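One structure is given below, encoded as structure tokens.
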Amino acid sequence: MGGVEDEEPALKRMRLSSKGLVGLSNGSSSIESVGGLSGDLMARPLPSGGDEQVVGSKGVINREEFVRIIAKALYSLGYRKSGAHLEEESGIGLHSPGVNLFMQQILDGSWDDSVATLRKIGLADESIVRSASFLILEQKFFELLDGEKVMEALKTLRMEIAPLCVNSSRIRELTSCIISPSPKQNIVRVRSRSKLLEELQKLLPPTVMIPEKRLEYLVEQALILQREACPFHNSLDKEMSLYSDHHCGKDQIPSRTLQILEAHDNEVWFVQFSHNGKYLASASNDRTAIIWEVGINGGLSVKHRLSGHQKAVSSVSWSPNDQELLTCGEEEAIRRWDVSSGKCLQIYEKAGAGLVSCAWFPCGKYILSGLSDKSICKWELDGKEMESWKGQKTLKISDLEITDDGGEILSICKANAVLLFNRETKDERFIEEYQTVTSFSLSKDNKFLLVNLLNQEIHLWNIEGAPKLVGKYKGHRRARFVIRSCFGGLKQAFIASGSEDSQVYIWHRSSGELIEALAGHSGAVNCVSWNPANPHMLASASDDRTIRIWGLNCLNNNIKHQNGHSNGVHYCNGGT
């Protein structure tokens, strides 16, 4: 086939005007004269230039369809001459003569002729014919109105559109355009003829008019399937190539210890990266929390040590803009901190009840807390209690989440169940397990929930509509402690979890395949957090009083520091 500079082939076809089909990427740049027989207009297969009906080693690709889709892609890309050459040489037309005529009539505004042609191109489904006729005649109606031919428009509505018995509510809208026209209604009726053709293309069967960008769609689907089948895919999609099948190695998974953070004086129970990935917060049994800053070179250093809790700090929660941080003492109080200065801005506490969990409202103006009396409270930032939901809404030791729209609150409401509580309707949905629930984590898109169980399993639930169990992950160890897991990696394609055997476990989310068990800690790994801005950075918190930062094996050791243990950080070369 030739390129865009090729000479125009000697086709026995009438050339369309510059406003014709080519400009719409609708395929053929020309049409043939239509004979008097309706059979000439049928959307039937055209003779091919070869004997083989299929192409490809598997014998599943229809040759004619393949050629037509390639021709469609060439026209869409602007390679008009190459598309025409392909049609000519293969003997396979992109569209039948009748379809070409129909498209040209639409562009010319020959409404009555186009409706007549529509009935001759071999559409078996009468409902499609009526729906397409409705769109065409609706365009005719609006163009008559725009030309101030009101009576003709009314006649079209009564005599042509209404008898189709399609979309009665739309007919009422059209009637109102005549009875009480207003500028607002012009928004409804403004549509170019090329736009009409695009809408008709979506309505008609693909065998009659090939959908736009069909080849691009098929290639994208192939790449997506390869990506999803790759257990180690953790790199940008733009790095995928059409020249070879896609496969990543384990070197895309963070599996090497890049740093050991040693600033805590007791067990580290919780870690969480900020939403922008620039900070890491850790909570410890030493009654402090630490804000770590991620440097330009990927190294972490202490930004602030947050002191003031009277008991162990069990969890933290970042504000939506990452400018403030909540820390929750174990059945004690919640403290709100300014990330920039490290100053405590507010203490939240309630007489007669300890606060056991914390979360931010998506707007950043309110916070949530779970209480030891099994209720959940909503607070203003200044410490005023606004609302309380009583009953068994949370447990003594519980996780707490709220969806991004602020609509649902998630908490562990009893030993083996997670509650999804709708704030507005007060409706309650439940995820009920057959084992004790120890912790959970909500996916970034709010569609999935990761639930850790007492029996050393992690379950993945789809929580859109009625909750549905869609995945299980096994291999880690849990006997005595609360072990937390998380989503992570590019597009959250992986699941990571701590374990009481001192390792970090990583599974492929879709397949459930265990792909890494990372050794290095000398105590139980209580919590893990994957950097949302860097799919190659993972943090783990352990009873050995350290936090490990994991990165790619292939990375050079570019993180430098004058003192190997300065500022609570130990820099290592990947050893354990």
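General observations
- Which numbered condition E212 fails, given (1) modelled with pLDDT of 95 or more; (2) surrounded by 13 or more Cβ atoms within 10 Å (Cβ to Cβ): (1)
- L460 fulfils the conditions (1) open to solvent by 30 Å² or more (accessible area, probe 1.4 Å); (2) in a strand (DSSP E or B) except for a single criterion, (1).
- Of all residues in the range 508-521, those that are more than 15 Å from R227 (Cα to Cα) and without any contact (Cβ under 8 Å) to a residue 60 or more places away in the chain have Cβ atoms under 8 Å from Cβ atoms of residues that are part of a strand (DSSP E or B) and of a type in the set (K, R), 6 or more apart or on another chain, in G512/K472; L514/K474; H521/R548.
- Residue among F481, F494 that is under 30 Å from E408 (Cα atoms), of a type in the set (F, W, Y) and open to solvent by 10 Å² or more (accessible area, probe 1.4 Å): F481
- Qualifying residue in the range 219-233 (condition: over 30 Å from G551 (Cα atoms) and under 30 Å from the mean Cα position of the chain (by Cα)): yes
- Every residue from the range 270-298 that is in contact with a Leu (Cβ under 8 Å, 6 or more places away or on another chain) and over 21 Å from D399 (Cα atoms): W292, E293, V294, G298
- Subset of the range 526-554 (residues that are open to solvent by less than 50 Å² (accessible area, probe 1.4 Å), part of a loop (DSSP other than H, G, I, E, B) and aliphatic (A, V, I, L, M)): M537, L552
- Top-ranked residue in the range 296-321 [being without any contact (Cβ under 8 Å) to a residue 40 or more places away in the chain and open to solvent by less than 30 Å² (accessible area, probe 1.4 Å); ranked as nearest to the chain's Cα centre (by Cα)]: L306
- You will find that of G523, G574, G564, the residue that is modelled with pLDDT of 95 or more, part of a loop (DSSP other than H, G, I, E, B), among the small types (G, A, S) and more than 27 Å from the chain's Cα centre (by Cα) is G523 and no other.
The values are calculated or read from the model by the stated rules, or taken from the named source; none is laboratory data. Note that the structure is a prediction, hence the values are computed from the model and not measured. Neighbour counts are summed over all protein chains in view; Cβ atoms, including those assigned to glycine, are modelled from backbone coordinates with ideal geometry. Ligands, DNA and RNA are excluded from the accessible area calculation, which covers all protein heavy atoms including side chains. Shrake-Rupley method; radii C 1.70, N 1.55, O 1.52, S 1.80 Å.
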